[in-house]
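The values are calculated or read from the model by the stated rules, or taken from the named source; none is laboratory data. Keep in mind that this is a model prediction, so the values were computed, not measured. Every residue, glycine as well, gets a Cβ built from its backbone with ideal geometry; the counts of neighbours run over all protein chains shown.
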Number of protein chains: 2
Amino acid sequence: MAAKYVSINNQLFLEEDAKIGVSDLAMHRGYGIFDYLKVIDNRPIFIEDHFNRFYNSAREMYLEVMLDRAQLRKAVNELIEKNGIATSGIKLLLTGGYSEDGYKLGKPNLIISQYPLNLQEENKLDTGMKLVTYDHQRQLPHIKTIDYLMAVRLHPFMNEKGANDVLYHNTGVITECPRANFFVVIDKDIITPKSNILRGITRSKVLNFKISGYTIAEEDFSIDDLSGIKEAFITSTTQYAYPVAAIDGRIVGDGKIGPVTKQIRELLFKLTHAPH
Amino acid sequence: MAAKYVSINNQLFLEEDAKIGVSDLAMHRGYGIFDYLKVIDNRPIFIEDHFNRFYNSAREMYLEVMLDRAQLRKAVNELIEKNGIATSGIKLLLTGGYSEDGYKLGKPNLIISQYPLNLQEENKLDTGMKLVTYDHQRQLPHIKTIDYLMAVRLHPFMNEKGANDVLYHNTGVITECPRANFFVVIDKDIITPKSNILRGITRSKVLNFKISGYTIAEEDFSIDDLSGIKEAFITSTTQYAYPVAAIDGRIVGDGKIGPVTKQIRELLFKLTHAPH
């Protein structure tokens, strides 16, 4: 559930009153973009990176953002203050707007919601996560659109397979999870797919790390290559670097968090908790 | 614009009050299905076909429809009566519902909107339509989901190419238009793509027609095959069979409505205006 107040087009509404007219193109045509950032101790994390991507997604989808960066930052800060939740996720959602004919773009609606976030709960490491692979290529993968039709539809499939998340591949070439990027450790290389993916903010941080004795690179690899991996992990805003224990029922490494994943995870924690 | 009243979860609202909470999965994850039927002189046309597809789309996407067929029919009729618009389009929209975590399915919201329809205006035949081809495969093409992300995004491209609509192909194999099926006449064959498409209601009616001297069949064909066509037309609920004058700037036939298109168009008009 969202926090008490939600911002719609730069006005605050109580969550129960936060509504959008039924002619919005998000509802009729699944048309919209978003971004999601975390807030720790009232500090938005990597906000400039998220704003860069948000404005870029908007531009790519021909959606105008009614607020400039300074105004958007102000709106986010006001929401954090008003809701009084120190640690949270903030979602910026920009829809296709009210459409005259239910097909052509209207004036976008900008919705900012805050969600209480229990980062410790999210990051309990009792067991690594289990992934199940699925052949699907997201359309417009480089844009953070609201298209998660396949991901949501795959919930029953995922449950049936005893998996916690899906790992997409494009006819055998690994891409990403629906809401996270994917990394593997093969020999002395830390590798994440390069093509047909969304470039995650956490992913970009990891690509800039220096891990002694390892190279870190963007490179495409296939399902078959997974047989040789020593570690695997996903990266996302809420889960930092989170170990993958099994893929398609096959245990990765010894099924526990590996040394590389552990080190990257610690580096990410340090980065987000550093004084800014 | 929708008519005066809109039905949400079987309650009537004035259009300006017809709103949905911002936590609906249609807005957050582009998750929903719909159907669209026309009403002529207060008679819903092919309503059983549309209901068949609507309930099937819902089932395929794990969405429960809160009304059974008799109740849904009643809701549609009440809306027609209340709005007092004899000729219209009725849209049944079923969303993913209010989601606790913004990702998992909630209880679906059912929105029924009516739109005044000027069928004569829609079907003015001054000129056939111009199509521009585009390589894109819709995900889950057999389900009538709200995913029109690509179609809406292609508006500027379409305008730039001077086209009225897009004709999708899947790496060279023709599929469909975003909101219509596609037919060609090659020699003595009337052909419509068979694979990776939405099976339109109007399309299914055409497939059952008998046209003297011609066979009618579902069969995949490629962009290259378009060089040999004598006629092309699209089929949809509002446009019946509508002639295609040009594809990618190349004139089809003599650029005017051909005899087969004309005949099919007349058969469709007859079918929808027949006493029931």
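Every residue in segment B:88-109 that is within 8 Å of another protein chain (Cβ to nearest Cβ) and in a strand (DSSP E or B), please.
Result: B:LYS91, B:LEU93, B:THR95.
Residue by residue through segment A:1-20, note down the ones that are closer than 11 Å to B:SER23 by Cα and not acidic (Asp, Glu).
A:MET1, A:ALA2, A:VAL6, A:ALA18, A:LYS19, A:ILE20
For segment A:2-34, what are the residues that are part of a loop (DSSP other than H, G, I, E, B) and closer than 27 Å to A:ALA70 by Cα?
Correct list: A:ALA2, A:ALA3, A:LYS4, A:ASN9, A:ASN10, A:ALA18, A:TYR31.
Would you mind stating whether A:ILE197 is part of a loop (DSSP other than H, G, I, E, B), within 12 Å of another protein chain (Cβ to nearest Cβ), within 15 Å of the chain's Cα centre (by Cα) and under 30 Å from A:LEU93 (Cβ atoms)?
For A:ILE197, the condition - part of a loop (DSSP other than H, G, I, E, B), within 12 Å of another protein chain (Cβ to nearest Cβ), within 15 Å of the chain's Cα centre (by Cα) and under 30 Å from A:LEU93 (Cβ atoms) - is not met.
For residues that are polar (S, T, N, Q) and touching a Phe, Trp or Tyr at 6+ places or on another chain (Cβ under 8 Å), scanning just segment B:1-56, find the one that is nearest to the other protein chains (Cβ to nearest Cβ).
B:SER23
Got at least one residue in segment A:189-199 being surrounded by 19 or more Cβ atoms within 10 Å (Cβ to Cβ), without any contact (Cβ under 8 Å) to a residue 60 or more places away in the chain, hydrophobic (A, V, I, L, M, F, W, C) and over 29 Å from A:ALA86 (Cβ atoms)?
yes
Have a look at A:ILE201, A:ILE143 and point out the one that is touching a helix residue (DSSP H, G or I) at 6+ places or on another chain (Cβ under 6 Å), modelled with pLDDT of 95 or more, of a type outside the set (S, T, N, Q) and within 24 Å of B:LEU105 (Cα to Cα).
On inspection, the qualifying residue turns out to be A:ILE143.
What do you reckon, is A:THR261 assigned to a helix (DSSP H, G or I), in contact with a Pro (Cβ under 8 Å, 6 or more places away or on another chain) and in contact (Cβ under 8 Å) with a residue 40 or more places away in the chain?
Yes.
Take B:ASP224 and decide whether it is surrounded by fewer than 23 Cβ atoms within 10 Å (Cβ to Cβ) and over 26 Å from B:THR145 (Cα atoms).
Taking the combined requirement at face value, the residue satisfies it.
Taking the criterion of being within 14 Å of chain B (Cβ to nearest Cβ), aromatic (Phe, Trp, Tyr) and in a loop (DSSP other than H, G, I, E, B), would at least one residue in segment A:161-178 satisfy it?
No - not one qualifying residue is present in segment A:161-178.
Given A:ASP135, A:ASP147, which one is surrounded by 20 or more Cβ atoms within 10 Å (Cβ to Cβ) and within 30 Å of A:LEU25 (Cα to Cα)?
Unique residue meeting the criteria: A:ASP147.
Tally time: how many residues in segment B:208-232 are out of contact with any Lys or Arg (no Cβ under 9 Å at 6 or more places or on another chain), modelled with pLDDT of 95 or more and part of a helix (DSSP H, G or I)?
Going through segment B:208-232 one residue at a time, the tally reaches 3.
Please count how many residues of segment A:246-276 are surrounded by fewer than 19 Cβ atoms within 10 Å (Cβ to Cβ), modelled with pLDDT of 95 or more and under 15 Å from A:LEU131 (Cβ atoms).
Residues in segment A:246-276 being surrounded by fewer than 19 Cβ atoms within 10 Å (Cβ to Cβ), modelled with pLDDT of 95 or more and under 15 Å from A:LEU131 (Cβ atoms): 4 in total.
Looking only at segment B:55-65, which residues are assigned to a helix (DSSP H, G or I) and either surrounded by 15 or more Cβ atoms within 10 Å (Cβ to Cβ) or touching a strand residue (DSSP E or B) at 6+ places or on another chain (Cβ under 7 Å) (or both)?
Passing the criteria: B:TYR55, B:ASN56, B:SER57, B:ALA58, B:GLU60.
Taking into account only those residues within segment A:103-122 that are touching a Lys or Arg at 6+ places or on another chain (Cβ under 8 Å) and surrounded by fewer than 22 Cβ atoms within 10 Å (Cβ to Cβ), which is modelled with the lowest pLDDT?
The selected residue is A:LEU119.
Residues A:LEU271, A:LEU267, A:LEU198: which one is aliphatic (A, V, I, L, M) and within 22 Å of A:ARG138 (Cα to Cα)?
A:LEU198
Tell me yes or no: at least one residue of segment B:156-164 is among the hydrophobic types (A, V, I, L, M, F, W, C), surrounded by 22 or more Cβ atoms within 10 Å (Cβ to Cβ) and in contact with a strand residue (DSSP E or B) (Cβ under 7 Å, 6 or more places away or on another chain).
Within segment B:156-164, none of the residues are among the hydrophobic types (A, V, I, L, M, F, W, C), surrounded by 22 or more Cβ atoms within 10 Å (Cβ to Cβ) and in contact with a strand residue (DSSP E or B) (Cβ under 7 Å, 6 or more places away or on another chain).
Only one of these is closer than 27 Å to B:LEU140 by Cα and surrounded by fewer than 16 Cβ atoms within 10 Å (Cβ to Cβ): B:ASN181, B:ASN208. Name it.
Every option except B:ASN208 fails the conditions.
Mind listing whichever residues of segment B:88-102 are touching a Lys or Arg at 6+ places or on another chain (Cβ under 9 Å), polar (S, T, N, Q) and within 22 Å of B:ARG53 (Cα to Cα)?
B:SER88
Which is within 22 Å of B:VAL22 (Cβ to Cβ) and among the polar types (S, T, N, Q), of A:THR95, A:THR171?
Selected residue: A:THR95, the only one of A:THR95, A:THR171 that is within 22 Å of B:VAL22 (Cβ to Cβ) and among the polar types (S, T, N, Q).
Got at least one residue in segment A:66-81 being within 13 Å of chain B (Cβ to nearest Cβ) and not in a helix (DSSP H, G or I)?
no
Being closer than 18 Å to B:MET27 by Cβ and in contact (Cβ under 8 Å) with a residue 60 or more places away in the chain is the filter here; which residues of segment A:76-90 pass it?
Matches in segment A:76-90: A:LEU79, A:GLY89.
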